[in-house]
Amino acid sequence: MKVHDILRQQKTISVEFFPPRTDEAYSAFSRTLEIVKKYNINYASVTSSLQYPMDVTFHITRQVQKNISAPGVCHLLCGKMTREDISFHLERCRVMNIQNVLVLRGDQRNREERIVQREGNHAFCHAGDLVAFVQRKFPDCSIGVAGFPEGHPETPNRFKEMDYLKWKVDQGAHYIVTQLFFDNRDFFDFCERAVLAGIFVPIIAGVMVVRAKKMLQKIAELAQGARIPAKLLSAVQLARNDDEVKKIGIEWALKQLEGLKNTAAGIHWYVLNQPDIAESVLADSCQNSTI
Ligand SMILES: Cc1cc2nc3c(=O)[nH]c(=O)nc-3n(C[C@H](O)[C@H](O)[C@H](O)COP(=O)(O)OP(=O)(O)OC[C@H]3O[C@@H](n4cnc5c(N)ncnc54)[C@H](O)[C@@H]3O)c2cc1C
C-alpha cells in the first residue's frame, strides 16, 4: 500500500525507526517493534545515514513492514549516489515489495561532506533532483519529502525555501513530513505559507518527545533550526532526573498532538527505537480515533 493512497482516505499515525548497529541497540529496536505491532499505525519509516550503506535501511524496512503489517518507508538519501546506485537500490526496493520512499538530501555533518556531494561523481545535490529521478524511473513509488516549519539553516530566505519545497512537490513528491517542532504555531504557519506558495499535498507533522536533559543539545544540533520554547526548557532544567524529564516530554508531545489534530494530515512520531516512548505516545494517539 502506498502512503499517499492512505492519506487520501484518512489522517495517518506513523513512527520512525533507525537501523540498530549494536546488539544492545538491536534489542531496543526489537522491543520497540513489538510495541508498535500492538497498535494500528498506518506506516513506519526507517532512517538512512550518509555514513552507512543503504542496505541496512532496506533490510530493517522490510523487517518492520513484515512485522507491523503496514507499509514501511525507506529513507532514500542523495549523498554519494550515482544514478546507477539509486536505480540499483530502487530495484531492490521493488523486489522487497517496498513501495514507499522518503527522499532526502541527507544530513551533511561538515563542509567536506558538502564538497564531496557537489563535486564528486554524484548525481543529486538536492532532494528535488532525486525526487524527479525516482518519479521518472520508478513511477509506482510513493514519494515523501521533508519540510521545515522553522526554516532550514542553509536557506534563511523563507520565500526561497518555500520555492524549493514547491519545486520538490512539482517534481513528484506526494506528501511532506516535517522536521520536529515544539510549538504548534510554527506548524500552522508553515502549512498556511505552503498553501500561499501553491503547495497542496498533505503535510504530516513530525513530533518528538524530549526524554533526557542531554537530548536538548543533540536536538539543537541535529534538528536544524528547531527552537525549544522557554516553557519546555525551564521545565526540563528544573526536573530532578531523566524520569521526570520523560514525563514532561510526553505531556508536552501529547498536548501538541491534541492541538494538531485538525490541521495535520497525520502525526509522525520520532520514537527512534525507544519502547517506552512508543508505548506512551501510541497508546494515546491510536486510541483516539480522530487522528
Ligand atoms: C522527516 C525527516 C526525515 C529525515 N531523515 C533523515 C535520514 O534518514 N537521514 C539523514 O541523513 N537525514 C535525515 N533528515 C535530515 C535532512 O536530510 C537534512 O535536514 C537536510 O539538511 C535537508 O534535507 P532535504 O531533504 O530537505 O534537502 P533539500 O530539499 O535538498 O534541501 C537542503 C537545503 O537546500 C535548499 N535547496 C533545496 N533545493 C534547492 C535548490 N534547487 N537550489 C538551492 N538550494 C536548494 C533547501 O532550502 C535547504 O536549505 C530528515 C529530515 C526530516 C525532516
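Among Arg62, Arg94, which is under 19 Å from the mean Cα position of the chain (by Cα), closer than 29 Å to Ala265 by Cβ and of a type in the set (Lys, Arg)? Step through it out loud before you land on a result.
On the way: Arg94 fails: under 19 Å from the mean Cα position of the chain (by Cα).
Only one candidate qualifies: Arg62.
Please determine whether any residue of the range 158-168 is under 17 Å from Val46 (Cα atoms) and at pLDDT 95 or above. Break it down stepwise before answering.
Kept after step one, since they are under 17 Å from Val46 (Cα atoms), are these residues of the range 158-168: none.
No: the range 158-168 contains no residue that is under 17 Å from Val46 (Cα atoms) and at pLDDT 95 or above.
Looking at the range 6-46, which of its residues are among the polar types (S, T, N, Q), part of a loop (DSSP other than H, G, I, E, B) and over 30 Å from Asn262 (Cα atoms)? Even if it seems obvious, please write down each step before you answer.
If we filter the range 6-46 for residues that are among the polar types (S, T, N, Q), which is where we start, we get 9-10, 12, 14, 22, 27, 30, 32, 40, 42, 45.
If we keep only those that are part of a loop (DSSP other than H, G, I, E, B) too, we end up with 10, 22, 40, 42.
Within the range 6-46, just Thr22 meets the criteria.
Return the total of residues in the range 260-282 being under 15 Å from Ile13 (Cα atoms), touching a helix residue (DSSP H, G or I) at 6+ places or on another chain (Cβ under 9 Å) and not in a loop (DSSP other than H, G, I, E, B).
Here the count works out to 10.
Check the range 22-31 and report whether any residue there is away from the ligand (no atom under 16 Å from the Cβ), within 19 Å of the chain's Cα centre (by Cα), modelled with pLDDT of 95 or more and surrounded by 15 or more Cβ atoms within 10 Å (Cβ to Cβ).
No: zero hits.
Go through the residues of the range 102-109 one by one and say whether even a single one is within 25 Å of Thr22 (Cα to Cα), at pLDDT 95 or above, of a type outside the set (Gly, Ala, Ser) and more than 8 Å from the ligand (Cβ to nearest atom).
Scanning the range 102-109 turns up no residue that is within 25 Å of Thr22 (Cα to Cα), at pLDDT 95 or above, of a type outside the set (Gly, Ala, Ser) and more than 8 Å from the ligand (Cβ to nearest atom).
Would you mind finding the one in Gly225, Gly206, Gly249 that is away from the ligand (no atom under 16 Å from the Cβ) and either free of Cβ contacts under 8 Å to residues at least 24 places away in the same chain or surrounded by 15 or more Cβ atoms within 10 Å (Cβ to Cβ) (or both)? Quick ask: steps written out before the conclusion?
Details: Gly225 fails: away from the ligand (no atom under 16 Å from the Cβ); Gly206 fails: away from the ligand (no atom under 16 Å from the Cβ).
Sole residue among the options that is away from the ligand (no atom under 16 Å from the Cβ) and either free of Cβ contacts under 8 Å to residues at least 24 places away in the same chain or surrounded by 15 or more Cβ atoms within 10 Å (Cβ to Cβ) (or both): Gly249.
In the range 70-92, which residues are more than 15 Å from the ligand (Cβ to nearest atom) and either more than 24 Å from Thr178 (Cα to Cα) or outside any loop (DSSP other than H, G, I, E, B) (or both)?
Kept after step one, since they are more than 15 Å from the ligand (Cβ to nearest atom), are these residues of the range 70-92: 70-71, 82-85, 87-88, 90-92.
Passing the criteria: Thr82, Arg83, Glu84, Asp85, Ser87, Phe88, Leu90, Glu91, Arg92.
Restricting the range 192-203 to residues that are within 16 Å of the ligand (Cβ to nearest atom) and in a helix (DSSP H, G or I), which is surrounded by the fewest Cβ atoms within 10 Å (Cβ to Cβ)?
The qualifying residue surrounded by the fewest Cβ atoms within 10 Å (Cβ to Cβ) is Arg193.
Restricting to the range 143-152, give me the number of residues that are farther than 29 Å from Arg94 by Cβ and near the ligand (Cβ under 7 Å from one of its atoms). Walk me through how you get there before you give the answer.
First pass over the range 143-152, keeping only residues farther than 29 Å from Arg94 by Cβ: 148-152.
With near the ligand (Cβ under 7 Å from one of its atoms) added as a condition, the list becomes 148, 152.
Looking only at that region, the number is 2.
In the range 47-61, how many are closer than 14 Å to His89 by Cα, in a loop (DSSP other than H, G, I, E, B) and within 9 Å of the ligand (Cβ to nearest atom)?
1
Considering (1) part of a helix (DSSP H, G or I); (2) more than 23 Å from Arg185 (Cβ to Cβ); (3) not basic (Lys, Arg), say which one Ile248 fails and leave the rest.
So Ile248 meets the others, but not (2).
Output the residue which, of all residues in the range 153-177 that are part of a strand (DSSP E or B) and without any contact (Cβ under 8 Å) to a residue 40 or more places away in the chain, is nearest to the ligand (Cβ to nearest atom).
From the range 153-177, those part of a strand (DSSP E or B) are 155, 175-177; that's our starting set.
If we keep only those that are without any contact (Cβ under 8 Å) to a residue 40 or more places away in the chain too, we end up with 155, 176.
On the way: Thr155: 3, Ile176: 9 Å.
It comes out as Thr155.
Does any residue in the range 105-132 that is of a type in the set (Gly, Ala, Ser) come within less than 6 Å, Cβ to Cβ, of a residue that is modelled with pLDDT of 55 or more and surrounded by fewer than 16 Cβ atoms within 10 Å (Cβ to Cβ) six or more places away or on a different chain, and which pairs are these?
Pairs found: Ala123/Thr82; Ala123/Arg83.
From the list Arg185, Arg211, Arg240, Arg158, exactly one residue is more than 30 Å from Val95 (Cα to Cα) and buried (at least 19 other Cβ atoms within 10 Å of the Cβ). Which is it?
Numbers: Arg185 fails: buried (at least 19 other Cβ atoms within 10 Å of the Cβ); Arg240 fails: buried (at least 19 other Cβ atoms within 10 Å of the Cβ); Arg158 fails: buried (at least 19 other Cβ atoms within 10 Å of the Cβ).
Matching residue, one of Arg185, Arg211, Arg240, Arg158: Arg211.
Hey, Thr290 hits all of (1) surrounded by fewer than 18 Cβ atoms within 10 Å (Cβ to Cβ); (2) at pLDDT 95 or above; (3) not in a helix (DSSP H, G or I) but one; which does it fall short on?
Going through the list (1) surrounded by fewer than 18 Cβ atoms within 10 Å (Cβ to Cβ); (2) at pLDDT 95 or above; (3) not in a helix (DSSP H, G or I), Thr290 breaks only (2).
Residue under question is Ala197, and the condition is that it be at pLDDT 95 or above, touching an Asp or Glu at 6+ places or on another chain (Cβ under 8 Å) and more than 18 Å from Leu260 (Cβ to Cβ); does it hold? So that I can check it myself, show each step before the final result.
On the way: at pLDDT 95 or above: yes; touching an Asp or Glu at 6+ places or on another chain (Cβ under 8 Å): yes; more than 18 Å from Leu260 (Cβ to Cβ): yes.
For Ala197, the condition - at pLDDT 95 or above, touching an Asp or Glu at 6+ places or on another chain (Cβ under 8 Å) and more than 18 Å from Leu260 (Cβ to Cβ) - is met.
The values are calculated or read from the model by the stated rules, or taken from the named source; none is laboratory data. In this text the structure is predicted, and so the values were computed from the model without any measurement. Backbone-built Cβ (ideal geometry, glycine too); neighbour counts: all protein chains shown.
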